Amino acid sequence: MSLKTVHIVFVTFSTLLAFAFGGWSLNSYRSDSETVYLILGVGGLVCGVGLIVYGNWFWRKIRTLEEERPRKRKWFLPLPVAAALCVLGSRAAEACSVCYGEAEGPMIDAARTGVWLLFGLVFALQLAFVVFFVYLHRRAKRYRERHPEMQWAD
């Protein structure tokens, strides 16, 4: 699998995760005392839209003339994505009080803490990717400025 493909898959899953998180946060927003859910929901949706814009920009950037020739359309990828969206969008995917027990308590608090921890870890990992790629970009730019003759050597 090429680096381009890995990048496209990573951006696609990040977009789906941002929209899922934004939808979950907006669904959890019930009153004015829980405005953090509203802020996180809107932020997740904004990040999802930003990732779509970035994905389109990246896709246009990597296309070459030989890749622009007509291709066969493959329908095997949209089908699982559509099925996953149907399952995640339904009420059947949510846990009920029978599965969880009481609606409040230490078990629910621990589950919420675990979810926030996992979101924090995913955010930290994506931030590390961004910092790493910015570092590589700056380093390549510095190298090109110091050695301009290497660009035309090939």
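Each value in this text was obtained by applying a stated rule to the coordinates, not by laboratory testing. In this text, all values refer to a predicted model and were calculated from it rather than measured experimentally. We place every Cβ from the backbone using ideal geometry, glycine too, and count neighbours over all the protein chains shown.
For the reader, a short list of remarks on this structure follows.
- Once the chain from Arg146 to Val130 is taken as fully extended at 0.36 nm per residue, the excess over their C-alpha distance is 3.3 nm.
- If R0 is 22 Å, the Cβ-Cβ spacing of Leu26 and Val115 corresponds to a FRET efficiency of close to 0.90.
- Column: log10 I(q)/I(0), Debye, Cα scatterers of the range 1-69, q = 0.20 Å⁻¹: -0.78
- The range 106-154: Cα Rg divided by the 2.2 N^0.38 Å rule of thumb: 2.13
- Between the residues Pro106, Phe133, Val122, the greatest Cα displacement towards the positive end of the dipole of the range 106-154, with unit charges on the Cβ of Lys, Arg, Asp and Glu, is found for Phe133.
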